[in-house]
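Each reported figure results from applying straightforward, stated rules to the coordinates on display, with no laboratory input. Owing to the predicted nature of the structure, the values given are computational and were not obtained by experimental measurement. Because the Cβ atoms are built from the backbone with ideal geometry, glycine has one as well, and the counts that use them run over all protein chains shown.
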């Protein structure tokens, strides 16, 4: 039975989560006008014979669909209710990335450094971009080396994996919360993860993974602490990335993982999200 139709998928999915939380069977469906093949409606279909309760819950929902309780219910039930601003590779849109210049700048920097390394300039990259021991940095003051390991990748798989996550998560943060927020996350997590990895394993490492895990932690905790901001990661993605982190420590992967950088990046992102959620005015 058709209960209600929306123009926005997010609202339909939020309502489905709300109904399911209250034990009212329902599901989301996309209905397209067969005559025009362009007009679409986001429909909530009632599966259970409980129309009176469904109408009551729906009327309350329509009074304030942006209430935080509905986002929290969506999180608990696993619904990707914030679809218009959800994070995922399925929604890659080049026009959105034009609004995220810092994200594109870091992506271009990683591609440039990797290309230079493949074209025989790895010695130059190693000379100027690798991190150095802290006593040496205190003497030569080449502080850019605390960040430049982010741009160094040792394989195409390593590069593509990091850049996909950086592009999706970084551009979303930059567009929704602003360039300053993304810049802060990038700098804080870069310095923390690179220094930590340096102290544990020495200077022979590189990659954007520490920052990527910071973005994951930042988005993950914001979705939990401030669901009304409608910026989150689907739980399956969070579980996958946390398992990937654990596999690195278990040393069962075919690549060498900078585990300390990953962990410190994740912790950095979570801490920054906590600060934003606690102290941000809006």
Distance in nm between label sites at residue 104 and residue 5, each 7 Å beyond Cα in the beta-carbon direction? 3.8 nm
Hey, what did the stretch 177-274 get for relative contact order, percent, Cα under 8 Å, at least 6 apart? 45 percent
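Expressed in nm to one decimal, what extension gain is obtained for the pair residue 187 and residue 22 from 0.36 nm per residue of sequence separation less their Cα-Cα distance?
Details: separation 165, 0.36 × 165 = 59.40 nm, distance 4.34 nm.
Value of the extension gain: 55.1 nm.
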Quote to one decimal, in nm, the extra length available between residue 225 and residue 43 on full extension: 0.36 nm per residue of separation minus the C-alpha distance between them. 62.6 nm
Can you order the peptides 159-170, 134-145, 101-112 by their average number of other Cβ atoms within 10 Å per residue, highest first? 159-170, 101-112, 134-145
Spacing of the two label points (7 Å from each Cα toward its C-beta) at residue 55 and residue 136, in nm: 7.6 nm
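Two-decimal Rg/Rh of the stretch 98-188 from alpha-carbon positions, Kirkwood Rh? Could you put the intermediate results ahead of the total?
Details: Rg = 14.4 Å, Rh = 14.2 Å.
Ratio of gyration radius to Kirkwood radius for the stretch 98-188: 1.01.
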I'd like the distance between the alpha-carbon centres of the stretch 131-181 and the stretch 209-232, rounded to an integer number of Å. 18 Å
At residue 277 and residue 67, where each label point lies 7 Å from the Cα along Cα→Cβ, what is the point-to-point distance in nanometres? 2.1 nm
Could you work out the pair-distance distribution P(r) of the stretch 89-279 from its alpha-carbon pairs, with 10 angstrom bin width and percents rounded to whole numbers? 9, 37, 37, 15, 2
Förster-model FRET efficiency, 22 Å R0, residue 154 and residue 242, C-beta, rounded to 0.05: 0.40
